[in-house]
Amino acid sequence: MSCRRRLGPRGREPASTNTQRTAARVNPTSCSERLAKEGIRWAPDEMINLRADLLVTQAEVMSLGGDELGAEGARAGAAQLYERKGNLAAAASVAHLTAR
């Protein structure tokens with residue numbers, strides 16, 4: 001099922017949007033998690049802080065979805081990237097989230 005909101009003629013939503021809404025209510029993090037992963041995939045390798053920020057976002061989404069192990073891995077990856085970039089404040093902030 002698509003995460004995008006599709007509009008019909010003149011901006012009106014097609015009937016299939018109700019199906020999408022129902023799926024989002026049943027599993028609200030599925031699209032968010034997919035979009036977070038897609039953002040990481042598209043972020044350029046040289047933009048280390050952006051990639052780390054996206055990993056933090058992915059960790060939040062995974063945590064909301066109940067995947068604490070996956071969230072922990074994403075936070076660890078973000079902390080490594082922040083440290084590699086020399087962004088010690090952000091690395092400490094992620095470490096604080098991990099310690100909770």
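The values are calculated or read from the model by the stated rules, or taken from the named source; none is laboratory data. No experiment lies behind these values; they were computed from the predicted model shown. Positions of Cβ are backbone-derived with ideal geometry, glycine not excepted, and every protein chain shown enters the neighbour counts.
Residue check: residue 86 meets all listed conditions (1) on the phi < 0 side of the Ramachandran plot; (2) surrounded by fewer than 19 Cβ atoms within 10 Å (Cβ to Cβ); (3) over 10 Å from the mean Cα position of the chain (by Cα) but one, namely (1). One residue stands out among those in segment 25-47 that are crowded, with 17+ Cβ neighbours inside 10 Å and more than 15 Å from residue 77 (Cα to Cα): the one that is modelled with the lowest pLDDT, which is 29. For segment 81-100, the set of residues classified as within 26 Å of residue 30 (Cα to Cα) and either in contact (Cβ under 8 Å) with a residue 12 or more places away in the chain or assigned to a loop (DSSP other than H, G, I, E, B) (or both) consists of 81, 94, 95, 97, 98, 100, listed by residue number. How about segment 48-61: which of its residues are farther than 17 Å from residue 79 by Cβ and over 11 Å from the mean Cα position of the chain (by Cα)? Matches in segment 48-61: none.
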